[in-house]
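Here's the structure, in structure tokens; my notes come after.
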Amino acid sequence: DGASQLVSTTELATRMSSTEIAGLKAVAAPPNLWANPNDGTQWTLSNTTRTANGQINGANAYTMAVQTGGTPGSTSTASFSAAAGDTVTFSFWVKAGTVATFDFGLIGNQTVWGAAADAGGVIVSGPGSLILAAGGGLWQVGGLSTTTATCITITRKFNQAETVTAYVFTGSSGTPSTGDSIVLADPSIERTSAPPNLWANPNDGTQWTLSN
């Protein structure tokens, strides 16, 4: 209007609510393959007892304890499939119980613990140290605290189709003692596929498009 003043606006798009945006994010995120991550009564146990123990990071936490010493105790997810090229990410929160060191990992029915070259692991927050214990799938974490929770994430790439299971051992994966325990919360399993190669027939140069 000559005075450089805004006199009108036109909205060219429909605004989305925060609920709609959150819904789109949920659809885009890979599903958690660890069923009922906030309900430990639904987790699969072997030689392990489970006792509710408050919350960690807003999720229900459980003390997992070895029932009979000398035999590995574990908490696991239902097995799921991984195609060749898939990467599986396993995350959870944990505190020390009677032990501050334990084993955990992703095992395949064909390649067992796999190769170190296909593995990655990091302590996202909290105390502790992380090392590979076998292949590229079995890890050991130590130096945990009974008061400060630790968040851990590992990844494993699968180079062939196989069935995968995630395990958290209650202490050692070898010969733990009766009563060895940790406090576990919020397990998460995500499976992502490798993006497709858009260069058709990458291994057959006779099929490539040439110019001059």
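Quick look at the numbers
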| item | result |
| --- | --- |
| Over the chain: helical MRE at 222 nm, DSSP H runs n ≥ 4 each giving -39500 (n - 2.57), nearest 500 | -1500 deg cm²/dmol |
| Nonlocal amide H pairs with residue 180, under 5 Å, H built at 1.01 Å | 66 |
| With every protein chain in place, the chain: carbon and sulfur % of accessible area (1.4 Å) | 52 percent |
| Computed over the range 62-130, Cα set: Rg, Dmax in Å | 14.3, 39 |
| Along the chain, longest interval not containing exposed chymotrypsin sites (Phe, Trp or Tyr not before Pro), exposed being DSSP loop plus at most 16 other Cβ atoms within 10 Å | 1-198 |
| Karplus (6.51, -1.76, 1.60) ³J(HN,Hα), θ = phi - 60°, over the range 179-194, in Hz, Gly and Pro reported as x | x, 3, 8, 9, 10, 10, 8, 6, x, 9, 10, 10, 10, 10, 9, 5 |
| For the range 76-193, diffusion coefficient by Stokes-Einstein and Kirkwood Rh (Cα), 20 °C, 1.002 mPa s, µm²/s | 151 µm²/s |
| Residue 71 long-range amide H proximity, modeled H, under 5 Å | none |
| Matching label, Cα extents along the principal axes in Å computed from the structure shown, candidates (1) 52, 38, 38; (2) 59, 42, 35; (3) 82, 59, 29 | (3) |
| Under-5 Å amide H pairs with residue 171, H placed in peptide plane, nonlocal only | 103 |
| HN-Hα J in Hz across the range 195-212 - Karplus 6.51, -1.76, 1.60, θ = phi - 60°, x for Gly and Pro | x, x, 7, 7, 8, 5, 6, x, 9, 9, x, 5, 9, 7, 8, 10, 9, 6 |
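The values are calculated or read from the model by the stated rules, or taken from the named source; none is laboratory data. Values in this document were obtained by computation on a predicted structure and should not be read as measured data. Here Cβ is always computed from backbone atoms with ideal geometry, including for glycine, and neighbour counts include all displayed protein chains. Side chains included, ligands, DNA and RNA excluded: accessible areas come from the protein's heavy atoms. Shrake-Rupley method; radii C 1.70, N 1.55, O 1.52, S 1.80 Å.
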